[in-house]
Amino acid sequence: MIASSKWRSPSNIALIKYWGKYPHQIPANPSISFTLDACYTETELILSEKKSEAQFDFDLWLEGEAKEGFKPKVEQFFRAIVHEAPFLNQYRLEIHTANSFPHSSGIASSASGLSALALCVLSISNLNRSLTKADFYRKASEWARLGSGSASRSVYGGLVNWGRYEDLEGSADAYALPVKAHIHKDFLTYRDFILLVEIGAKGVSSTVGHGLMKGHPYAEARFAQANRHMGHLLRLMQGPNFEEVGYLIEQEALALHAMMMTSDPYFILMRANTVKVIDLIWQFRKNTDIPAYFTLDAGANVHLLCPEAHEQAVQKFVEQELTPYLNQGKYICDRVGQGPVKLK
Ligand code: DP6
């Protein structure tokens, strides 16, 4: 072994959704997410003498099992950053990775996976020696973005923005940054019950979905809406405006899925139980006045968000009323997290 690095990096859940991109992973609109805590990937990158003539001599294991299927996305990532990390094609690379959650369940494994890998590559890289802590994470975010757009947001904890938004100082299309604007403290301890409606690979990948925004009849209106929502969300999050923030979050989730349903070709990632669960959440809110609101990723699962103060009541509701509609009754209790951790 010549060198190695190991990181744990979390997944994230977008409140303002990234859906649509330009070449070189430039987002069509700015996005904002909560970094998660319980959902993460641990990745170790190990360098040894190169054995093959291939440009990149690497193998990847997920929980000890060789995963050929993941290699194209990783190779594309290496190709995008090798001019800055030339060691990538000078050594043999072993990537050992494990998720704390089911792969391809709609929980963004590419966000945690690619951010963990970007952090490992940067830790080993010579560049690392000349970077301040802030520049290290900015570079890691930039590299993670080249692997998967949403991964750019996973290198920080709390509330994170990726994509240029003129009223957010320092915001950029090239990398994500933690939101520095004032945010009411109760949003930073939000709970996220991830309701697993479906476990298993989803029908259409996010990358394909982003591509379908090109020439989409509603694309411009959607990008303008996301920009408007950025301003609203940042303003509303200054105070404990749980209802207004929740409304905006649900609107974003449904707008994302509306784009999928109106693409050419069209597709639906929600399942019957996704809609059932949403309906029960709406009923629960009406009956209790508890500000529990949902969001959706590019999948069938539902993220149920609420302030920490309502955690127990919401968990009881999930247990008693929602589990019959979940795959094997499964859900994950998560919360806003602190960001990646270096393990080695
Ligand atoms: C719906 O980041 O997975 O989760 O950049 O092609 O890897 P690629 O796509 P990806 O897209 C995530 C889309 C989303 C919304 C979001 O996380 O903002």
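The values are calculated or read from the model by the stated rules, or taken from the named source; none is laboratory data. Note that the coordinates shown come from a computational prediction; the quantities given were computed from them, not determined experimentally. Here Cβ is always computed from backbone atoms with ideal geometry, including for glycine, and neighbour counts include all displayed protein chains. Surface accessibility is based on the protein's heavy atoms, side chains included, excluding ligands, DNA and RNA. Shrake-Rupley method; radii C 1.70, N 1.55, O 1.52, S 1.80 Å.
Can Y22 be described as more than 18 Å from the chain's Cα centre (by Cα) and either within 19 Å of P178 (Cα to Cα) or within 12 Å of the ligand (Cβ to nearest atom) (or both)? Reasoning before the result, please.
On the way: more than 18 Å from the chain's Cα centre (by Cα): yes; either within 19 Å of P178 (Cα to Cα) or within 12 Å of the ligand (Cβ to nearest atom) (or both): yes.
Yes; evaluated as a whole, the condition is true for this residue.
Is it true that S48 is more than 10 Å from the ligand (Cβ to nearest atom), without any contact (Cβ under 8 Å) to a residue 60 or more places away in the chain and assigned by TED's automatic domain parsing to the domain that holds S125?
On the way: more than 10 Å from the ligand (Cβ to nearest atom): yes; without any contact (Cβ under 8 Å) to a residue 60 or more places away in the chain: yes; assigned by TED's automatic domain parsing to the domain that holds S125: yes.
Taking the combined requirement at face value, the residue satisfies it.
Within segment 175-192, restricting attention to residues that are free of Cβ contacts under 8 Å to residues at least 40 places away in the same chain and open to solvent by 20 Å² or more (accessible area, probe 1.4 Å), which residue is farthest from the ligand (Cβ to nearest atom)?
Within segment 175-192, the first condition is being free of Cβ contacts under 8 Å to residues at least 40 places away in the same chain, and the residues that meet it are 175-178, 180, 185.
This time we only want the ones that are open to solvent by 20 Å² or more (accessible area, probe 1.4 Å), so: 175, 177-178, 180, 185.
Details: Y175: 14, L177: 15, P178: 16, K180: 20, K185: 24 Å.
If we take residues in segment 175-192 being free of Cβ contacts under 8 Å to residues at least 40 places away in the same chain and open to solvent by 20 Å² or more (accessible area, probe 1.4 Å), then K185 is farthest from the ligand (Cβ to nearest atom).
Has segment 70-82 got any residue that is modelled with pLDDT of 95 or more, among the charged types (D, E, K, R) and either assigned by TED's automatic domain parsing to the domain that holds L168 or touching a Leu at 6+ places or on another chain (Cβ under 8 Å) (or both)? Give the derivation first.
Here is the first cut: in segment 70-82, the ones modelled with pLDDT of 95 or more are 74-82.
Now drop any that are not among the charged types (D, E, K, R), which leaves 75, 79.
Retained after the next criterion (residues that are either assigned by TED's automatic domain parsing to the domain that holds L168 or touching a Leu at 6+ places or on another chain (Cβ under 8 Å) (or both)): 75, 79.
Looking for residues that are modelled with pLDDT of 95 or more, among the charged types (D, E, K, R) and either assigned by TED's automatic domain parsing to the domain that holds L168 or touching a Leu at 6+ places or on another chain (Cβ under 8 Å) (or both), one finds at least one in segment 70-82, hence yes.
Kindly check whether there is at least one residue in segment 105-126 that is crowded, with 22+ Cβ neighbours inside 10 Å, in contact with a helix residue (DSSP H, G or I) (Cβ under 7 Å, 6 or more places away or on another chain) and in a loop (DSSP other than H, G, I, E, B).
yes
Here is a list: S152, S123, S115. Which entry is more than 16 Å from the ligand (Cβ to nearest atom) and not assigned by TED's automatic domain parsing to the domain that holds Q238?
S123
What do you reckon, is L62 more than 16 Å from the ligand (Cβ to nearest atom), open to solvent by less than 20 Å² (accessible area, probe 1.4 Å) and modelled with pLDDT under 95? It would help to see each step written out before you state the result.
Working: more than 16 Å from the ligand (Cβ to nearest atom): yes; open to solvent by less than 20 Å² (accessible area, probe 1.4 Å): yes; modelled with pLDDT under 95: yes.
In short, yes.
Q76 fails exactly one of the following numbered conditions: (1) in contact (Cβ under 8 Å) with a residue 12 or more places away in the chain; (2) closer than 30 Å to G231 by Cβ. What is the number of that condition?
For Q76, the exception is condition (2).
Restricting to segment 159-175, give me the number of residues that are over 17 Å from H229 (Cβ atoms) and touching a helix residue (DSSP H, G or I) at 6+ places or on another chain (Cβ under 6 Å).
Narrowing segment 159-175 to residues over 17 Å from H229 (Cβ atoms): 169-170, 172-175.
In the following step, the residues that additionally are touching a helix residue (DSSP H, G or I) at 6+ places or on another chain (Cβ under 6 Å) were identified as 174-175.
Result for segment 159-175: 2.
For segment 163-203, give me the residue count where each residue is of a type in the set (A, V, I, L, M, F, W, C) and over 19 Å from Q238 (Cα atoms). So that I can check it myself, show each step before the final result.
Here is the first cut: in segment 163-203, the ones of a type in the set (A, V, I, L, M, F, W, C) are 168, 172, 174, 176-177, 179, 181, 183, 187-188, 193-197, 199, 201.
From what is left, the residues that are over 19 Å from Q238 (Cα atoms) are 172, 174, 176, 193-197, 199, 201.
Result for segment 163-203: 10.
Looking only at segment 193-219, which residues are open to solvent by 70 Å² or more (accessible area, probe 1.4 Å), under 17 Å from the mean Cα position of the chain (by Cα) and away from the ligand (no atom under 13 Å from the Cβ)?
A201
Does Y40 meet the test of being assigned by TED's automatic domain parsing to the domain that holds L122, open to solvent by 30 Å² or more (accessible area, probe 1.4 Å) and either on the phi > 0 side of the Ramachandran plot or within 16 Å of the ligand (Cβ to nearest atom) (or both)? Reasoning before the result, please.
Numbers: assigned by TED's automatic domain parsing to the domain that holds L122: yes; open to solvent by 30 Å² or more (accessible area, probe 1.4 Å): yes; either on the phi > 0 side of the Ramachandran plot or within 16 Å of the ligand (Cβ to nearest atom) (or both): yes.
Taking the combined requirement at face value, the residue satisfies it.
Could you pull out the residue among F70, F101, F77 that is within 14 Å of the ligand (Cβ to nearest atom) and either closer than 30 Å to R271 by Cα or open to solvent by 50 Å² or more (accessible area, probe 1.4 Å) (or both)?
Details: F101 fails: within 14 Å of the ligand (Cβ to nearest atom); F77 fails: either closer than 30 Å to R271 by Cα or open to solvent by 50 Å² or more (accessible area, probe 1.4 Å) (or both).
Only one candidate qualifies: F70.
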